[in-house]
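Asks: Take a look at this one; I'll ask things after.
The values are calculated or read from the model by the stated rules, or taken from the named source; none is laboratory data. Source: prediction; values computed, not measured. Here the Cβ is made from the backbone with ideal geometry for all residues, glycine too, and neighbour counts use every protein chain on show. All accessible areas refer to the heavy atoms of the entire protein, side chains included, with ligands and DNA or RNA removed. Shrake-Rupley method; radii C 1.70, N 1.55, O 1.52, S 1.80 Å.
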Amino acid sequence: MTDDPRRLVPRTDALLAEPPVAAAALRLGRDLVKAAVQAAQQRVRDGELPPDGVVDAVLASLPQRPSSLRPVLNATGVVVHTNLGRAPLSAAAVEAVVAAAGTTDVELDLATGRRGPRGEGALAAVREAVPAAEAALVVNNCAAALALVATALGQGRELVLARGELVEIGDGFRIPDLLVATGARLREVGTTNRVTLDDYRDALHEETGAVLKVHPSNFVVRGFTRAVPVAELAVALAGSGVPLVADIGSGLLRPHPALPDEPDLQTTLTAGADLVLASGDKLLGGPQAGLVLGRADLVKRLRRHPLYRAFRVDKTTLAALEATLRGPQPPVLRMLAADAAGLRARAEALAARLAAEGVDAAAVASGARVGGGGAPEQPLPSAALALPATFAEPLRLGTPPVVGYLADDRTLLDLRSLPPSDDDALAAAVLDVARRCT
Ligand SMILES: *Cc1c(COP(=O)(O)O)cnc(C)c1O
């Protein structure tokens, strides 16, 4: 039976030794490549594939990259898009992550050969970026910072919080639920729209663990409203021994001219907060992280708490954070700073380029947003490339995927959330869709 297809199936070890297959095994892992080889061999046995097509079939079936996460072009106009990974890292931060990814001196003092303070460079960069902070701590995210603070200061005690600041951040994450889950009791003060200094004063007693202020980062309350600023609360709490903790959310280091209502780390500490908490991957523009800045004795208490170990960050996060703070302006801040005329010029150049290839494309004015729980009402004038509505899905499914949005029966690709260096890739992706789908 010389025509038995099983005799013609190339052997597994011979296939794995083929140079391109061996190279793929080094890059992607032997098990994955072997499974692809076996699947291709089966196709030969089933008569679906000629024996000399096995190597090509194996290579074609392998994933392009070692992880399922794919780089995406963010044309949503939402600068900090949580579903797209929030802040894109700066080139400096990416370089730092790659350098730290292997074996690194994250916790070893090379001068003495002894154990050193973990992530000292990143902590020093945080303190330098926010001079009002006596001390700093970095944890996994702002939620972890809240959990650590609530546990260390509030467990078995009361945390005082205004009713208007019982915030849901997104995807069902509710700050009051997190606080209560730590074993702290919540003492809600004021009403949905109004809270006064006396409301806070009346709530204090010997079981008060801390007074917490949470920035309502994704909504605004308008009309008959009143809140108590950090500075007033700080004066009222002075000498009481009750720490004032402010969760500002988005992590601006200093006031931002384009975002007048967004709190920042330096100003909040100067106003008298004992601790300030913020995310690393929103307007700070860095990796996912939670920053805790403020009084040295409180930061020390948090660092000594057993739960800190469960929240501490990886070497690559420390590397990215330090490079974000010390390096060039991160992409998020450059996107915020982009002027509308420049965005319009980019949209017009792209539209002209695509129209010349026969694509139904136009430059239009659009409205971008900060996103990621920051400056919810702050309009960011922007410009977009308008395409037929039918382009949205194939653009999202292309390589690289392009995510825009639909408005007025058009697909809009907003340019504020996309670095200018990606304009060529965007044009290529649109042309590809035009060729495939029209
Ligand atoms: C976004 C946000 C958080 C949660 O931050 P993560 O870093 O995503 O954990 C907490 N508090 C406020 C006010 C926020 O805006």
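Asks: Taking segment 5-61 on its own, what percent of its Cα-Cα pair distances exceed 17 Å?
Replies: Values: 409 of 1596 pairs.
When every Cα pair of segment 5-61 is considered, 26 percent fall beyond 17 Å.
Asks: Under 15 Å from the Cβ of Val430, count the other residues' Cβ atoms, weight Lys and Arg +1, Asp and Glu -1, and hand me the total. Walk me through the intermediate numbers first.
Replies: Working: positive: Arg346, Arg353, Arg396, Arg410, Arg435, Arg436; negative: Glu348, Glu357, Asp360, Glu393, Asp414, Asp422, Asp423, Asp424, Asp432.
For residues surrounding Val430, the net value is -3.
Asks: On a 0 to 90 degree scale, rounded to 10, what angle separates helix 120-129 from the longest Cα axis of the chain?
Replies: For 120-129 against the chain, the angle is about 60 degrees.
Asks: Follow-up. Using alpha carbons only, how many angstrom separate the centre of segment 99-129 from the centre of segment 211-244?
Replies: Using only Cα atoms to place each centre, the spacing works out to 36 Å.
Asks: Give the value in nm², to one decimal: projected area of the alpha carbon convex hull of segment 28-92, averaged over all directions. Display every interim value, and only then the final one.
Replies: Values: hull surface 28.4 nm².
If you wrap the Cα atoms of segment 28-92 in a convex hull and average its projections, you get 7.1 nm².
Asks: Something else: Report the Rg/Rh value for the chain, based on alpha-carbon coordinates and the Kirkwood definition of Rh. Provide the component values of the computation, followed by the final result.
Replies: Working: Rg = 26.9 Å, Rh = 25.0 Å.
Here Rg/Rh amounts to 1.08.
Asks: Roughly how tilted is helix 30-45, in degrees to the nearest 10 and between 0 and 90, from the longest Cα axis of the chain?
Replies: Tilt relative to the chain: about 40 degrees.
Asks: Might you tell me the accessible area per residue for the chain, computed with a 1.4 Å probe and given in Å²? The partial results should precede the final answer.
Replies: On the way: 21220 Å² over 438 residues.
On a per-residue basis, 48 Å².
Asks: Right, here's the next one. Quick one: if the Förster radius is 60 Å, what FRET efficiency do Glu48 and Arg194 give, using the C-beta to C-beta distance and rounding to 0.05? Before the final figure, lay out the partial values.
Replies: On the way: r = 72 Å, r/R0 = 1.19.
For R0 = 60 Å, the calculated efficiency reads 0.25.
Asks: With all protein chains present, calculate the accessible area of Leu178 using a 1.4 Å probe and round the result to the nearest 10 Å².
Replies: For Leu178, the solvent-accessible surface is approximately 40 Å².
Asks: Per-residue ellipticity at 222 nm for the chain, helices alone: DSSP H runs ≥ 4 residues times -39500 (n - 2.57), over residue total, nearest 500 deg cm²/dmol?
Replies: Theoretical 222 nm ellipticity from helices: -11500 deg cm²/dmol.
Asks: Summarise the accessible area of the chain (1.4 Å probe, protein heavy atoms) by the percent that is carbon and sulfur. Before the final figure, lay out each step's value.
Replies: Numbers: 11190 of 21220 Å².
Carbon plus sulfur share of accessible area: 53 percent.
Asks: Once you compute Rg and the Kirkwood Rh from C-alpha atoms, what is the Rg to Rh ratio for segment 90-327?
Replies: Working: Rg = 17.9 Å, Rh = 18.3 Å.
Dividing the radius of gyration by the Kirkwood radius yields 0.98.
Asks: Now for a separate question. Once fully extended, how much extra length lies between Arg304 and Arg11, figured as 0.36 nm per residue of separation less the alpha-carbon to alpha-carbon distance? Working shown, then result.
Replies: Values: separation 293, 0.36 × 293 = 105.48 nm, distance 5.85 nm.
So the extension gain works out to 99.6 nm.
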